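**Student:** The structure under discussion is supplied below as C-alpha cells; questions concerning it will follow.
Derivation of every value follows stated rules applied to the coordinates shown; laboratory data play no part. Predicted, not measured: the structure shown is a model, and the values here were computed from it. With ideal geometry, Cβ positions are generated from the backbone for all residues, glycine too; neighbour counts draw on all protein chains shown.
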Amino acid sequence: MTTTSDLKDIVRGKYGEAATRARSGGSSCCGAAPAASSCCDPITSNLYDAGQAGEVPDAALQASLGCGNPTALAELEAGETVLDLGSGGGIDVLLSARRVGPTGKAYGLDMTDEMLALAEENKRRSGLANVEFLKGEIENIPLPDASVDVIISNCVINLSGDKDRVLREAFRVLRPGGRFAVSDVVVRGEVPAAIRKSMELWVGCIAGALSEDDYRAKLAKAGFDGIDVEVTRVYGVDDARAFLVAEGIDVEAAAKDVDGRIVSAFVRATKPASCCAPGCCAR
C-alpha cells in the first residue's frame with residue numbers, strides 16, 4: 001500500500017529530475033512547450049502564449065509541469081500578495097510578480113530542493129525584487145493566518161495525499177475576501193482502478209485527480225464559497241495513449257472508460273469577506 005510519505009518521495013523524485021533537465025537546457029516534456037517542441041504530454045504542453053513566455057527565463061518555462069495557466073485567469077491586481085502552491089521552477093510566481101507590481105508580493109512554495117534552486121536562479125535572471133520562494137509542503141503552509149490575497153496553483157493539489165488539509169491551509173492563509181484560483185486536473189465519472197493505482201500516472205496528474213463534485217464539496221467543507229469549476233481542456237483516450245501503453249493497459253479496451261473523462265479545469269473559490277468570527281479564519 002502506498003502511503004502519503006511514499007507519494008511525496010515519488011513527486012520529489014520526478015520534479016527533481018525535471019528541474020535538473022531544465023537547468024541543463026532540456027525540456028521537462030511536461031512543461032509549457034512551444035509548437036516546435038518535442039514535448040509529448042498533452043496535459044502540460046502549450047499552456048503559455050509567446051508574450052508570457054517572453055516574460056520569464058527559458059528554464060522556468062522548460063521546468064513547468066502544470067496543466068493550465070492560473071496567472072492568466074486569476075485577475076491579479078497591483079499591490080496584491082499571491083501564493084503559488086507547488087511553484088516548481090517559478091514560472092507562475094514570476095508572471096504573478098509582474099502582474100501585482102512592485103507594491104505587491106509573489107510567494108512560491110515548493111518541497112523539492114532542485115526546483116527551489118532552479119526557481120532562485122530564475123528569480124535572479126528575471127531581476128524581480130517582489131518574489132520570495134519558500135521551502136515547505138502545501139499541507140503545512142509556512143505563512144501566517146490571513147496573509148495572502150490570492151492563492152494560485154498549477155496541477156499540484158491533485159498530487160497531495162491529503163487534499164482536505166491543503167484546502168484548509170489555503171483557507172487559513174487567505175485574507176477575508178481572498179481568492180482561490182487554481183488550475184487542476186478533474187475527472188468526470190469513474191476512472192479505471194488500474195489507472196488510479198498507477199503512481200506514475202498519479203504524478204502525471206491523472207490518478208490523483210478529484211471529481212468536480214468532490215472538489216466542490218471539499219472546498220465548501222474548508223469554508224469557501226463562490227465555488228466554480230470551469231473546464232479549460234478535455235482529453236480523449238489518444239491524449240493518454242502513451243501513459244496507458246507504458247502501464248501495460250489495453251488502450252482500446254480502456255477507451256470507453258477514459259475518453260473525455262479527464263479534463264483540465266480552472267477552479268475558483270472565495271474566502272467569505274465577513275470571515276472574522278472565532279474559528280472562521282482557520283478551520
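**Student:** Using θ = phi - 60° and the Karplus form 6.51 cos²θ - 1.76 cosθ + 1.60, what ³J(HN,Hα) does each residue of region 101-118 get, whole Hz, x for Gly and Pro?
**Tutor:** x, x, 8, x, 8, 10, 9, x, 10, 8, 9, 9, 4, 5, 5, 5, 5, 5
**Student:** How would you classify region 68-270 from its alpha-carbon gyration tensor, with a ≥ b ≥ c the square roots of the eigenvalues: rounded for a/c under 1.5, else prolate if a/b is greater than b/c, otherwise oblate?
**Tutor:** Note, shape of region 68-270 comes out prolate.
**Student:** On to the next question. Cross-link partners among aspartates and glutamates for Lys123, C-alpha distance below 18 Å, same-chain residues fewer than 8 apart left out?
**Tutor:** List returned: Glu55, Asp58, Asp84, Asp92, Asp110, Asp113, Glu114, Glu132.
**Student:** Also, I was wondering about something else. From the phi angles alone, apply the Karplus equation (6.51, -1.76, 1.60; θ = phi - 60°) to region 150-161 and give each ³J(HN,Hα) in whole Hz, x where the residue is Gly or Pro.
**Tutor:** Residue by residue, region 150-161 yields 9, 10, 10, 6, 9, 6, 10, 4, 5, 7, 7, x Hz.
**Student:** List the lysines whose alpha-carbon lies under 18 Å from that of Lys14, not counting same-chain residues fewer than 8 positions away?
**Tutor:** Of all the lysines, those that pass the test against Lys14 - Cα under 18 Å, at least 8 places apart if same chain - are Lys135, Lys197.
**Student:** Among Ile141, Ile151, Ile249, which comes first, second and so on when ranked by fewest other beta-carbon atoms within 10 Å?
**Tutor:** Values: Ile141 22, Ile151 29, Ile249 18.
By the 10 Å Cβ count, ascending, the order reads Ile249, Ile141, Ile151.
**Student:** In straight Cα distance, which lysines are under 21 Å from Lys271, not counting same-chain residues fewer than 8 positions off?
**Tutor:** Hits, sequence-local ones excluded: Lys105, Lys163, Lys218, Lys221.
**Student:** All other residues with a Cβ under 9 Å from the Cβ of Ala265 taken together, and with Lys, Arg as +1 and Asp, Glu as -1, what is their net charge? Provide the component values of the computation, followed by the final result.
**Tutor:** Values: positive: Arg233; negative: Asp184, Glu212, Glu230.
After counting each charged neighbour, the total is -2.
**Student:** I'd like to know how region 131-178 sits against the 2.2 N^0.38 Å rule of thumb: what's its Cα Rg over that expected value? Can you show the working numbers first?
**Tutor:** Details: Rg = 10.5 Å, N = 48, 2.2 N^0.38 = 9.6 Å.
Relative to the 2.2 N^0.38 Å estimate, region 131-178 comes out at 1.10.
**Student:** By its C-alpha gyration tensor, with a ≥ b ≥ c as the square roots of the eigenvalues, how is region 110-200 shaped: rounded for a/c under 1.5, else prolate for a/b larger than b/c, else oblate?
**Tutor:** It comes out oblate by the Cα gyration axes.
**Student:** Any idea what Rg and Dmax come out to for region 111-153 if you just take the C-alpha atoms, in Å?
**Tutor:** Looking at region 111-153, its Cα Rg and Dmax stand at 11.8, 31 Å.
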